[in-house]
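These notes are about the structure you will find just below.
The values are calculated or read from the model by the stated rules, or taken from the named source; none is laboratory data. Note that the structure is predicted; figures quoted are calculated from it, not measured. Virtual Cβ from ideal backbone geometry, glycine too; neighbours counted across all protein chains shown.
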Amino acid sequence: MPKQIGLLSELAPNAISMGVLVNPESLIRIAELEDAARAVGRRLIILKASTDADIDVAFEAFIQQRVQALLVTPGPLFVTRMDRLVAFAARHSLPAMYSRRELVDAGGLVSYASSTAEGYRQMGIYAGRILMASSR
């Protein structure tokens, strides 16, 4: 996540205020995000959302606080609401970074994370190697 803050600041160099959408059930280290933002001279507005209503409230707060870029942290809640998140960023002309490629496929600007599909492929390769080694 700190790398994402740095990349987002490069993509949107004039975005001094960045909104960060976090699911409170996730294991995101808020202090690391804040440290990364300070290192690149950015201010974070971190809002938590665990329901559709929370997401709506967060969106309104981001607009009221005039965020200039958006970082959506990882989690199944946000992936299942990808159309809504991407539409919000587009409607408000916010450069947004996501943690999954699927959100970019849905129209989002950019993602920075490992590939889920590649991870599953690698797991299959390693499982095959383990099975082959155990059968010898």
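Can you spot a residue in the range 49-57 that is touching a residue at least 12 places away in the same chain (Cβ under 8 Å) and closer than 25 Å to residue 10 by Cα? No, the range 49-57 contains no residue that is touching a residue at least 12 places away in the same chain (Cβ under 8 Å) and closer than 25 Å to residue 10 by Cα. Of 122, 65, all but one fail to be more than 21 Å from residue 2 (Cα to Cα) and at pLDDT 90 or above; the exception is 65.
Looking only at the range 84-119, count how many residues are modelled with pLDDT of 85 or more and in contact with a helix residue (DSSP H, G or I) (Cβ under 9 Å, 6 or more places away or on another chain). So the count comes out to 8.
Could you name every one of the strands (runs of 3 or more DSSP E) located completely within the range 1-79 that has at least 1 residues being surrounded by fewer than 18 Cβ atoms within 10 Å (Cβ to Cβ)? Explain how you work it out, then say what you get.
Details: elements: 17-22, 43-48, 69-72.
Passing ranges, in order: 17-22, 43-48.
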